[in-house]
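The values are calculated or read from the model by the stated rules, or taken from the named source; none is laboratory data. Predicted, not measured: the structure shown is a model, and the values here were computed from it. So basically every Cβ, Gly included, is an ideal-geometry build from the backbone, and we count neighbours across all protein chains shown. Quick note on the areas: whole protein, heavy atoms, side chains included, nothing else; ligands and nucleic acids left out. Shrake-Rupley method; radii C 1.70, N 1.55, O 1.52, S 1.80 Å.
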Amino acid sequence: MTAQLPARPAAPPGPPTPRPPLKALAPLRETGRLFALALAVARAIFRRPFQVREFIEQFWFIAGVTILPAALVSIPFGAVIALQVGSLTQQLGAQSFTGGASVLAVIQQASPLIVALLIAGAGGSAICADLGSRKIREELDAMEVMGVSPIQRLVVPRVLATMFVAVLLNGMVSVVGTLGGYFFNVIMQGGTPGAYLASFSALAQLPDLYISEFKALVFGFIAGIVAAHRGLNPRGGPKGVGDAVNQSVVITFMLLFFVNMVLTAVYLQIVPAKGG
């Protein structure tokens, strides 16, 4: 009889195979990455060294591509608001409040949105394309290998540039839109300059300008963060960079209108209306 060989011990069980991530949770993961980038940028703003040259270059570029379109767009916006409000006040018999209502609509709502949309469409798309091209060329990976933070070196100056340009452009758009509304109300609708200015001084108050500038600052931050996030995470090579640019503009528009609604609701609850 032949001796039986001893049985081999069973191999230990290997690590469990990880499950693929659920596609339904992809929007939540992208939202988490977006907030993580915003927090990282907020922290890196106060770190040194600050990239002054990069900030000035990006500020000049974003301002150069948005100043003229912002001025040209604000004129018809102010005119449309003045004409619509003037027609409505005539129907209600309150023509004396046309100036105040139209100017408040321009300053509180139209001006920050115009600035944010132009910055997201012109400056934000350029930021996203620049960072996306650097990512697919592996420049950002090389920077990390050398111990240089891409967020502090590239993202922070661009986000700060969008914020400062948005604040400065908001003042210009408010002035141009107000002048456009004044011209169309006085010239085309037969309004009186004195009533236009008197109604504005009777209804407007300084916090209206504060909330307008604060909205522009927040909108500029959102536009810069979304553009940087999509530029740092392109998919599919050069084609993915183009898709990321389109996605950054669309996502920014959606966030801007939602945040504007929230800020407006909070402001109207905290700051009482003048004379109320």
Check: So what's the chain giving for Cα Rg divided by 2.2 N^0.38 Å, two decimals?
Finding: 1.41
Next item on the list: Mind ranking 229-238, 39-48, 171-180, 124-133 by how tightly packed they are, going by the mean number of other C-beta atoms within 10 angstrom, highest first?
Entry: 124-133, 171-180, 229-238, 39-48
Check: So how much accessible area does LEU197 have, in Å² to the nearest 10, using a 1.4 Å probe?
Finding: 100 Å²
Item checked: Accessible surface, per residue, of the chain when the full set of protein chains is kept, probe 1.4 Å, Å² -> 57 Å²
Next item on the list: Would you grab the residues whose amide H sits under 5 Å from the one on ALA204? Only those 5+ places off in sequence or on another chain, please, with H modelled 1.01 Å from N.
Entry: none
Item checked: Length-normalised contact order for the chain - Cα pairs under 8 Å, 6+ apart - percent -> 29 percent
Notebook entry, point to check: Counting other Cβ atoms within 10 Å, which GluC sites (Glu not before Pro) in the stretch 92-173 have at most 11 and lie in a DSSP loop?
Noted result: GLU138
Next item on the list: Could you work out, for the stretch 176-227, what percent of all Cα-Cα pairs fall into each 5 Å distance bin, beginning at 0 Å and stopping at the bin that holds the largest distance?
Entry: 4, 16, 16, 18, 13, 12, 10, 6, 3, 0
Notebook entry, point to check: What percentages, rounded to whole numbers, describe P(r) for the stretch 167-276 computed over all alpha carbon pairs with 10 Å bin width beginning at zero?
Noted result: 12, 29, 28, 18, 9, 3, 0
Next item on the list: With runs of 4+ DSSP H residues as the only contributors, calculate the mean residue ellipticity of the chain at 222 nm using -39,500 (n - 2.57) per run, divided by the residue total and rounded to the nearest 500.
Entry: -25000 deg cm²/dmol
Check: Given the stretch 53-191 reduced to its alpha-carbon atoms as identical point scatterers, what log10 I(q)/I(0) does the Debye formula return at q = 0.12, 0.20, 0.21, 0.22 Å⁻¹?
Finding: -0.57, -1.03, -1.09, -1.15
Notebook entry, point to check: Over all pairs of distinct alpha carbons, what does the Kirkwood formula give as the hydrodynamic radius of the stretch 24-76, in Å?
Noted result: 14.3 Å
Next item on the list: Using only the Cα atoms of the stretch 112-189, build the gyration tensor, take square roots of its eigenvalues as a ≥ b ≥ c, and label the shape rounded, prolate or oblate: rounded if a/c is under 1.5, else prolate if a/b is larger than b/c, else oblate.
Entry: prolate
Next item on the list: Give, as a single signed number, the net charge of other residues whose beta carbon lies under 15 Å from the beta carbon of VAL266, with Lys and Arg counted +1 and Asp and Glu -1.
Entry: 0
Checklist line | Gained length - THR264 relative to GLN109, 0.36 nm times residue gap less alpha-carbon distance | finding: 55.0 nm
